[in-house]
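Structure first, then comments.
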Amino acid sequence: MRLPRLPEIDAFSFWLGFLAAAALAYGLYRIRHVLSDYRRNFGRRLRGLREFFIAGLERAVRQDVLRYAQSAHLAGTLFPLDEILLPPRLLLPEPAFDPNAPPQDLDLTSVIPMLPEWPELAGLYRAPSLAPAEALAGGSHLLVLGAPGAGKTTLLAHMASVAAREDTALLPAYHTPIFIHAGDLALPLGAGHTALDPLLAAANARASALTGSRLPGHLRGRLRDDKCLILLDGLDELPPPIIVEAAAWLRQFMEAYPQHRVVAAAGAQHFAPLLALPFAPVFIAPWSDNDHRALIGRWGAAWEKLIRSRKRRGSNAADTDPHLIMGWLSTANQGRSIFEITLKIWAAFAGDARGKRPVDWLEAYVLRHGVKAVGQRGLARLATALLERELSDGLTRAEATALLTPIFAGPGGSAALEPADFLDDLVARRLLARYRDRVQFQHSLAAAFCAATSFADEPQAAAAAQRTPTPGWVRALYFFAALGELTPIVAHALSQHPDLLHTDLLACARWLRDAPAQARWRTEVFRRLTRLFIDGQQPEALRATTLAAFVAAGDPTVSALFKQNLNSLDPVVRRLSALGLGALGEVAAILPIASHFTDPALEVRWAATLALSVLNHPSALEALAQGLLVGDENLRRACAEALAANAEEGFPVLKEAVVHADLSVRRAGVYGLAATREDWAFALLNDLQHNEQQWFVRSAAADVLARHNDPAARAPRPIELPEAQGWLIGWAATQGLGVPPGPGALDVLNRAAAQGDEATQRAAAGALGRLGNPAATRELYPLLQNNSLAVRDAAFRALAFIGAAAGQRLSPPLN
């Protein structure tokens, strides 16, 4: 085969091209460093330009978050949050019982009833709590739990504001804040969607026009390359099936993006699906009387500023002197949620208070949004429909419009109000809220109030509440107690066979506060509460709950019950009676309470000092000061810590105590100073640690400072899986068993609950309860019949937690 002939190459052209290429290569070689520097500079400038645009967008995103957070509170249309903010706190979680650990160093705060459904006593007696930064110091994701109106949204808004300002007081490194509402999440995930998609869409729902189009791309980059703080509000406003979907999405997101911190807010019920995630559950702390007074003061200052501003603009502002109403606002706040107290303060300053009950403050709140009579009927119908669908997915905008159309129909078929305009107006005024295509009330307690107003006109609505006592209906009946006749509803509730937690009776007890004093059903409710209170066979936690119910009722006859039982043979009754008298402000009982400084039961002595600490009276302070001087070591410390509750009179006593000649008084004063939680007190303790000559006092100062300076040690932790619990591994080893991960570990835990000794059963009961799984109730019920009071109470508390987490009524034990 003949090969093709190659073309001839011109020698001159070849060598010319070769030499030119060689010269070019040589030239590039000689300037290679210059080219390298140019390439680096160009890349640096390109990156700088990119970072400039990203930084500008990041600033805009943070401003969006700050704007949203500063208005995300009850009076967000009046004041930025920071003007009236008293930063919410979180209750210090009770440590899990470990049978292998040394006994805990308890103090008088250990006798404070910690009742998630009735938190008011923990607020009154200043239960140990954490600032948000302290709670985050442990590095865990947080699941903030609390009833409606407890301040969860305010807490998250405060955290979002701090992060948006790039303040590292909350987290040690800068985190991009993403503050979203669970109602804006598109769940469940559709085909082809990633875990980022619901988050980005929810964030975009609150974005401004400036950042909206660029926000998804920006956040996608931040979530991929940096650290973010995800603040998820409103999980308690989702129906239970959607909470399950939200938990599944959160698990997927947290596994895919573990570098971010998540703080989610959920209710005091129906949070079980979230316990399976790496969250540290923590309840929001209730407010003390001092907190209420501080909040009133901040409102007073903000209101004066608002009035001055309005006068400069020439508007006719109410000229109420804030100082004239401070005293009235500071009274009768015990047992009220911070939502209710805020409405009370607002109505007082606005001059439109219609009475002294929550229904009066809520009525003023609704009218303040410009709602007329026909609009109130529309809101009542809307609220009733929402409560009827509380366990489903709520109302779409179209459904809400259809509900309102017949109510707003005028004569001749013309509409007195246009339903769509009515909804849009109240969404803009922030009485209602829109999440994706759903319409609901901005605050669930406002929905409960509006539903309560419909009961008088729509008896079938009250009947529905009686048949299906969901949390929303129970809250509506709480408001209806002040508006109508509850006798048939209470009679029906009390005719039911009691469940484990006496849910029906305690629901009726919530209605006592605002029900008419002559209501026929009050006597029967009080009689049944009394029977539980004094019954020594009942779990201690249940008896403490009846104490909280008595105190919340605010009935003047209750103090007689506590005085009568102050000298009971049962130390639990004596302890609870002392706490009850203190909570009711019974100054006449100071001497009988102080007489229990010598009670044989240490917990009764602690309760007596706590009771005196809230009785702001010279005789109570004198009794505490005397106990500090002449009591035994436990009583001295308790009295010092009790004096810390009184800034005006107690603080000077503690300052004198740490320089007293008696070493025991000085040591007790150290614990009292720590209990004030004040910066000046810790500065004084630091001085004592270095300059106090006696080791007995110096060691106490070192101890309290070590705990104060290590917030991570106090921070809440995620629920520990059974296979990671050392005490269970040790017990299983004594039985010749291992503790495998997964369901096998739960089987070993169940076996420990059934076969262990007293300490093991107590630890197993607590561990089963923290899982929040209704399947664990099978092993817990037998422990209610245990011979040990500690085991019985641990089992009851575990069952109560499971019932709340699952949102289920639990059957009574079989005798």
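Could you list, in sequence order, the residues of region 102-118 that are in a loop (DSSP other than H, G, I, E, B) and in contact (Cβ under 8 Å) with a residue 40 or more places away in the chain? ASP107, ILE112, PRO113, LEU115, PRO116, GLU117, TRP118, listed by residue number. Within region 409-432, being in contact with a strand residue (DSSP E or B) (Cβ under 8 Å, 6 or more places away or on another chain) and surrounded by 18 or more Cβ atoms within 10 Å (Cβ to Cβ) holds for LEU423, LEU426, LEU431, LEU432. Do you know which residues across region 783-794 are surrounded by fewer than 16 Cβ atoms within 10 Å (Cβ to Cβ) and either part of a helix (DSSP H, G or I) or free of Cβ contacts under 8 Å to residues at least 24 places away in the same chain (or both)? GLN785, ASN787, LEU789, ALA790 - these are the residues of region 783-794 that are surrounded by fewer than 16 Cβ atoms within 10 Å (Cβ to Cβ) and either part of a helix (DSSP H, G or I) or free of Cβ contacts under 8 Å to residues at least 24 places away in the same chain (or both). Would you confirm, using the coordinates I've provided, whether VAL371 is open to solvent by less than 20 Å² (accessible area, probe 1.4 Å) and in a loop (DSSP other than H, G, I, E, B)? Yes; evaluated as a whole, the condition is true for this residue. Checking each residue in region 609-655 for being under 18 Å from THR598 (Cα atoms), in a loop (DSSP other than H, G, I, E, B) and either open to solvent by 60 Å² or more (accessible area, probe 1.4 Å) or aliphatic (A, V, I, L, M) (or both) picks out only ASP632. Here PRO600 fulfils each of the conditions (1) in a helix (DSSP H, G or I); (2) open to solvent by 40 Å² or more (accessible area, probe 1.4 Å) apart from (1). Report yes if some residue within region 221-244 is more than 27 Å from the chain's Cα centre (by Cα), open to solvent by less than 40 Å² (accessible area, probe 1.4 Å) and at pLDDT 90 or above; otherwise report no. The answer is yes; a qualifying residue exists. Candidates in region 133-177 are the residues that are over 10 Å from the mean Cα position of the chain (by Cα) and among the charged types (D, E, K, R); of these, the one that is surrounded by the most Cβ atoms within 10 Å (Cβ to Cβ) is GLU134.
Total residues in region 171-224 satisfying the condition of being within 30 Å of ALA131 (Cβ to Cβ) and among the acidic types (Asp, Glu): the figure is 1. I'd like to know if region 578-597 contains one or more residues that are charged (D, E, K, R), open to solvent by 10 Å² or more (accessible area, probe 1.4 Å) and in a helix (DSSP H, G or I). Checking region 578-597: not a single residue is charged (D, E, K, R), open to solvent by 10 Å² or more (accessible area, probe 1.4 Å) and in a helix (DSSP H, G or I). Across region 604-638, the number of residues qualifying as closer than 12 Å to ASP107 by Cβ and in contact (Cβ under 8 Å) with a residue 40 or more places away in the chain comes to 5.
So which residues in region 490-502 are assigned to a helix (DSSP H, G or I) and at pLDDT 95 or above, if there are any at all? Answer for region 490-502, where residues must be assigned to a helix (DSSP H, G or I) and at pLDDT 95 or above: there is none. Checking the condition charged (D, E, K, R), open to solvent by less than 50 Å² (accessible area, probe 1.4 Å) and either on the phi > 0 side of the Ramachandran plot or within 28 Å of the chain's Cα centre (by Cα) (or both), which residue from ARG293, ARG206, ARG261 passes? Going through ARG293, ARG206, ARG261 in turn, just one is charged (D, E, K, R), open to solvent by less than 50 Å² (accessible area, probe 1.4 Å) and either on the phi > 0 side of the Ramachandran plot or within 28 Å of the chain's Cα centre (by Cα) (or both): ARG261.
Within region 397-408, can you find the residues that are touching a strand residue (DSSP E or B) at 6+ places or on another chain (Cβ under 6 Å) and open to solvent by less than 60 Å² (accessible area, probe 1.4 Å)? Result: ALA400, PHE408.
A quick yes/no check of all residues on (1) surrounded by 13 or more Cβ atoms within 10 Å (Cβ to Cβ); (2) in contact (Cβ under 8 Å) with a residue 12 or more places away in the chain; (3) part of a helix (DSSP H, G or I); (4) of a type in the set (Lys, Arg):
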{"residue": "VAL739", "(1), (2), (3), (4)": "yes, yes, no, no"}
{"residue": "ALA759", "(1), (2), (3), (4)": "yes, yes, yes, no"}
{"residue": "ALA764", "(1), (2), (3), (4)": "yes, yes, yes, no"}
{"residue": "ALA775", "(1), (2), (3), (4)": "no, no, yes, no"}
{"residue": "TYR781", "(1), (2), (3), (4)": "yes, yes, yes, no"}
{"residue": "PHE796", "(1), (2), (3), (4)": "yes, yes, yes, no"}
{"residue": "ALA805", "(1), (2), (3), (4)": "yes, yes, yes, no"}
{"residue": "GLN808", "(1), (2), (3), (4)": "yes, yes, no, no"}
{"residue": "PRO812", "(1), (2), (3), (4)": "yes, yes, no, no"}
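Please indicate, with yes or no, whether at least one residue in region 403-414 is assigned to a helix (DSSP H, G or I) and either of a type in the set (Asp, Glu) or modelled with pLDDT of 95 or more (or both). No: region 403-414 contains no residue that is assigned to a helix (DSSP H, G or I) and either of a type in the set (Asp, Glu) or modelled with pLDDT of 95 or more (or both). For region 548-559, the criterion of being part of a helix (DSSP H, G or I), more than 21 Å from GLU641 (Cβ to Cβ) and among the hydroxyl-bearing types (Ser, Thr, Tyr) is met by at least one residue. Among the residues of region 547-571, those identified as within 24 Å of PRO600 (Cα to Cα), open to solvent by less than 10 Å² (accessible area, probe 1.4 Å) and either free of Cβ contacts under 8 Å to residues at least 40 places away in the same chain or not aliphatic (A, V, I, L, M) (or both) are PHE562, LEU566.
Part of a loop (DSSP other than H, G, I, E, B) and either without any contact (Cβ under 8 Å) to a residue 40 or more places away in the chain or touching a helix residue (DSSP H, G or I) at 6+ places or on another chain (Cβ under 7 Å) (or both): does that describe ALA173? Taking the combined requirement at face value, the residue does not satisfy it. The residues listed here are LEU673, LEU684, LEU705; of these, the one that is farther than 27 Å from GLU94 by Cα and surrounded by 16 or more Cβ atoms within 10 Å (Cβ to Cβ) is LEU684. If you go through region 99-121 and keep only what is buried (at least 17 other Cβ atoms within 10 Å of the Cβ), more than 26 Å from PRO278 (Cβ to Cβ) and either in contact with a strand residue (DSSP E or B) (Cβ under 7 Å, 6 or more places away or on another chain) or among the hydrophobic types (A, V, I, L, M, F, W, C) (or both), you end up with LEU108, VAL111, ILE112, LEU115, TRP118, LEU121. In region 252-276, what residues are assigned to a helix (DSSP H, G or I), touching a residue at least 12 places away in the same chain (Cβ under 8 Å) and out of contact with any Pro (no Cβ under 9 Å at 6 or more places or on another chain)? Selection gives GLN252, ALA256.
Of all residues in region 207-223, those satisfying the criterion of being of a type outside the set (Ser, Thr, Tyr) and without any contact (Cβ under 8 Å) to a residue 24 or more places away in the chain are ALA209, GLY212, PRO216, GLY217. Filtering region 508-527 to residues that are surrounded by 13 or more Cβ atoms within 10 Å (Cβ to Cβ) and either farther than 22 Å from TRP361 by Cβ or β-branched (Val, Ile, Thr) (or both) leaves CYS508, TRP521, ARG522, GLU524, VAL525, PHE526.
For GLY536, are the conditions met, namely being touching a residue at least 24 places away in the same chain (Cβ under 8 Å), farther than 22 Å from GLN269 by Cβ, out of contact with any helix residue (DSSP H, G or I) (no Cβ under 9 Å at 6 or more places or on another chain) and surrounded by fewer than 23 Cβ atoms within 10 Å (Cβ to Cβ)? When the stated conditions are applied, GLY536 does not pass them.
The values are calculated or read from the model by the stated rules, or taken from the named source; none is laboratory data. Since the structure is predicted, the reported quantities are computational estimates derived from the model, not experimental observations. Please note: Cβ atoms are built from the backbone with ideal geometry, for glycine as well, and neighbour counts cover all protein chains shown. The area values use the complete protein model at the heavy-atom level, side chains included, leaving out ligands, DNA and RNA. Shrake-Rupley method; radii C 1.70, N 1.55, O 1.52, S 1.80 Å.
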